1. Name the pairs: first residue in the stretch 274-297 and closer than 21 Å to residue 148 by Cα, second residue of a type in the set (Phe, Trp, Tyr) and in a helix (DSSP H, G or I), Cβ to Cβ under 7 Å, at least 6 apart or on different chains?
2. How many of the residues making up the stretch 252-263 are open to solvent by 10 Å² or more (accessible area, probe 1.4 Å), within 20 Å of residue 44 (Cα to Cα), in a helix (DSSP H, G or I) and not charged (D, E, K, R)?
3. Being modelled with pLDDT of 85 or more, out of contact with any Asp or Glu (no Cβ under 9 Å at 6 or more places or on another chain) and either surrounded by fewer than 18 Cβ atoms within 10 Å (Cβ to Cβ) or not in a helix (DSSP H, G or I) (or both) narrows it down to one of 412, 404, 386, 398, so name that one.
4. Which of the numbered conditions does residue 275 fail, given that it passes all the others? Conditions: (1) under 20 Å from residue 30 (Cα atoms); (2) among the polar types (S, T, N, Q); (3) open to solvent by 20 Å² or more (accessible area, probe 1.4 Å).
5. Filter the stretch 50-85 for residues that are of a type in the set (S, T, N, Q), assigned to a helix (DSSP H, G or I) and open to solvent by 20 Å² or more (accessible area, probe 1.4 Å) and give the result.
6. List pairs: first in the stretch 345-364 and in contact (Cβ under 8 Å) with a residue 60 or more places away in the chain and at negative phi, second of a type in the set (D, E, K, R) and open to solvent by less than 40 Å² (accessible area, probe 1.4 Å), Cβ under 8 Å, 6+ apart or cross-chain?
7. Would you confirm whether any residue within the stretch 18-38 is open to solvent by less than 10 Å² (accessible area, probe 1.4 Å) and modelled with pLDDT under 80?
8. List pairs: first residue in the stretch 375-394 and under 15 Å from residue 365 (Cα atoms) and among the aromatic types (Phe, Trp, Tyr), second residue at pLDDT below 90 and open to solvent by less than 60 Å² (accessible area, probe 1.4 Å) anywhere in the structure, Cβ distance under 8 angstrom, at least six positions apart or on different chains.
Amino acid sequence: MPLLKALRLPHIALLLVSQVLSAIGDYFYSIAVIWIAVKTSGSAAGLVAAAEGAAAFCFGLPGGIYADRWNRRITMIVVDLTRAVMVLTLPILALNGLLQFWHLVAVSFIIGAVGSLFDPALQASLSALSENDQGALQATNALMDITRRLARALGPTLVGLLVVFLPLEHLFTLDAVSFGVSALALLALGSRFAWKPVRAERQIRGVRGLLAEAGESLGGVMKSPGLRAALISSSLSSFTWSVTFIIGVPLLVARSLGNAIGLYGLIIGAYGVGNVLSNLIVGSLQIKRRVFTIYLGRLIIGLGFLFLAFASNVPMALLASFLASFGGPMGDIPEKMMIQELPAYQIGKVFGMFSTFEYVLYSLGLLVAVPLFALVNVRLGMAAGALLLLLVSLAGLAYTEIRAYVERSLQAKRST
């Protein structure tokens, strides 16, 4: 099995374990911060998550550009240590009775800003860590993608157990510790890999250089039908995700399904379990029709979210969340593979650009959620987001099939 073969590489195994722990810590943080915000400010909790998205929008593309300029390993270590310090301020403030809503917004913004450097640097490093072997690279992509899927499965469940013994604020403490573990693992990987890409031409410094490289990456994506389709579908999926899952699900739990953080965690956990199973399947297959697979994955997410919106009890909500989760890896793994086939000095920039567009739509969804759920029933608001993703995915699938049919017809004519 390709995934097991990649795990036999010690550096990949070390990186995987550290990123799983870090991703679980991220879920501790995200669940705690949203739950505290929802309980204190209702639908305005979207502003906390929107702050992180706004930071990613502002710094996503520059982060990708500098991930292609700087030593990626050192960059990731510095980012992890910075995030650890910032997250640790929250339990300190809370335990001293000083935690306020604006503190949650500020920390979320800073985490989003520095995280804009980490993610492109990590994704752009995978090719070198896989020693430029395509089979190993797909397996490594699947393993790294499993980290957040596995965290989604384990993190919320662990939250339900931990809050029995620990104050909710100490979930932030555990997240800070997980960032420290990630930094130590990256330090242990050493400097033997190609952490900094080599580019033949001289780089232009300053704002002019940033704009030039941003235009270069955007132009490359727009010229590629596959990358263009991936960018559109992933951005729209981020919008639906923020409206329906990030804000809609906790509101649905609070208003209709029992009003308990444990139930909220179980629904997120069900999504994580399905993600992991889907990832193991998709990561082991040879994906020939990448764009079709991406749109199909987004369609499955939309269907699952639509069922979730009208779930009348917890078991139905868990099943809907589980079904929706199968679409995530179907979209994400082919997308990453297409980006990583670009020249090494462009990978970080394109990842940064994708992150920027995704966070723009993610933040827009969070901002839309504030008035949306104040004006309409939470179930109707969730259904509207799901239907939007469904319609666009169906249109994408139809376009992909028509395009493939036309190309086959043209090839048949040329052969005759």
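1. Partner pairs satisfying both residue conditions: 274/322.
2. Residues in the stretch 252-263 being open to solvent by 10 Å² or more (accessible area, probe 1.4 Å), within 20 Å of residue 44 (Cα to Cα), in a helix (DSSP H, G or I) and not charged (D, E, K, R): 3 in total.
3. Going through 412, 404, 386, 398 in turn, just one is modelled with pLDDT of 85 or more, out of contact with any Asp or Glu (no Cβ under 9 Å at 6 or more places or on another chain) and either surrounded by fewer than 18 Cβ atoms within 10 Å (Cβ to Cβ) or not in a helix (DSSP H, G or I) (or both): 398.
4. Of (1) under 20 Å from residue 30 (Cα atoms); (2) among the polar types (S, T, N, Q); (3) open to solvent by 20 Å² or more (accessible area, probe 1.4 Å), only one is false for residue 275: (3).
5. To start, the set of residues in the stretch 50-85 that are of a type in the set (S, T, N, Q) comprises 71, 75, 82.
Going one step further and asking which of them are assigned to a helix (DSSP H, G or I), we end up with 75, 82.
Within the stretch 50-85, just 82 meets the criteria.
6. Close Cβ pairs satisfying both conditions: 345/68; 346/68; 347/68; 348/68; 348/72; 349/68; 349/213; 354/335.
7. no
8. none
The values are calculated or read from the model by the stated rules, or taken from the named source; none is laboratory data. In this text, all values refer to a predicted model and were calculated from it rather than measured experimentally. No Cβ is skipped: glycine too gets one built from the backbone with ideal geometry, and neighbour counts run over all protein chains shown. Areas reflect the complete protein model, heavy atoms only, side chains present, ligands, DNA and RNA absent. Shrake-Rupley method; radii C 1.70, N 1.55, O 1.52, S 1.80 Å.
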